[in-house]
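*Asks:* Here you go, one structure.
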Amino acid sequence: MVRNLKQLLTAEFLRFLIVGVISAALEFSLLILFVEELHIQYLIGNIIAFALTNVLTYVLSSRFVFGATNTSKKFQEAGLFFIFLAGGLILNQLVLWILVEFTVIDYRLAKVAAIAVTVIWNFFTRKHFVFRNREVATQPITEE
């Protein structure tokens, strides 16, 4: 039983990482586009990139990571997702701002650090608060 639970949790976390890599790459790329090409201030560009990326992240997390179920609580689930997302944005902005303004780190490197910190927040809040009433995705990734 413990082995099966560990296997399911590992599969769930691997799915979360796949979605996270896709989201992080998109978010990072959008930030660079906004700052370098559209000349938007980095913190404003970060908010826009974060918001746009996390619409996709919600859909992928809901269906691929934490199991696609027909839940009657989709509105509540989406509301919780976006409440905790606001916390993630605040955390992301804070890390980015501190690293850029108080060190000599370029905004792009600071963004990598901000994404890393936010990933921990996102997994914890989505697993334990947003999608907690769902069963783990049904297709576990097995070790060979």
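The values are calculated or read from the model by the stated rules, or taken from the named source; none is laboratory data. Remember, it's a predicted structure, so these values are computed and weren't measured experimentally. All Cβ positions, glycine included, derive from the backbone under ideal geometry; neighbour counts span all protein chains shown. The protein model used for the area step is the full one, side chains on, heavy atoms only, and it has no ligands, DNA or RNA in it. Shrake-Rupley method; radii C 1.70, N 1.55, O 1.52, S 1.80 Å.
*Asks:* Just one of (1) of a type outside the set (A, V, I, L, M, F, W, C); (2) exposed (fewer than 14 other Cβ atoms within 10 Å of the Cβ); (3) in a helix (DSSP H, G or I) trips up SER61, so point out which.
*Replies:* It fails just one condition, (2).
*Asks:* Which residues, taken from segment 104-113, are among the basic types (Lys, Arg) and open to solvent by 40 Å² or more (accessible area, probe 1.4 Å)? Don't jump to the end; show me each part of the working.
*Replies:* Quick first cut of segment 104-113, residues among the basic types (Lys, Arg) only: 108, 111.
Within segment 104-113, ARG108 is the sole residue that qualifies.
*Asks:* Does THR118 satisfy being polar (S, T, N, Q), open to solvent by less than 30 Å² (accessible area, probe 1.4 Å) and more than 23 Å from GLY45 (Cβ to Cβ)?
*Replies:* Details: polar (S, T, N, Q): yes; open to solvent by less than 30 Å² (accessible area, probe 1.4 Å): yes; more than 23 Å from GLY45 (Cβ to Cβ): no.
For THR118, the condition - polar (S, T, N, Q), open to solvent by less than 30 Å² (accessible area, probe 1.4 Å) and more than 23 Å from GLY45 (Cβ to Cβ) - is not met.
*Asks:* Could you look through segment 78-103, keep only residues that are farther than 18 Å from VAL19 by Cα and at pLDDT below 90, and pick out the one that is most open to solvent (accessible area, probe 1.4 Å)?
*Replies:* Of all residues in segment 78-103, those farther than 18 Å from VAL19 by Cα come to 79-80, 83, 86-87, 90-91, 93-103.
With at pLDDT below 90 added as a condition, the list becomes 79-80, 83.
Values: GLY79: 32, LEU80: 52, ILE83: 112 Å².
Ranking the candidates gives ILE83 first.
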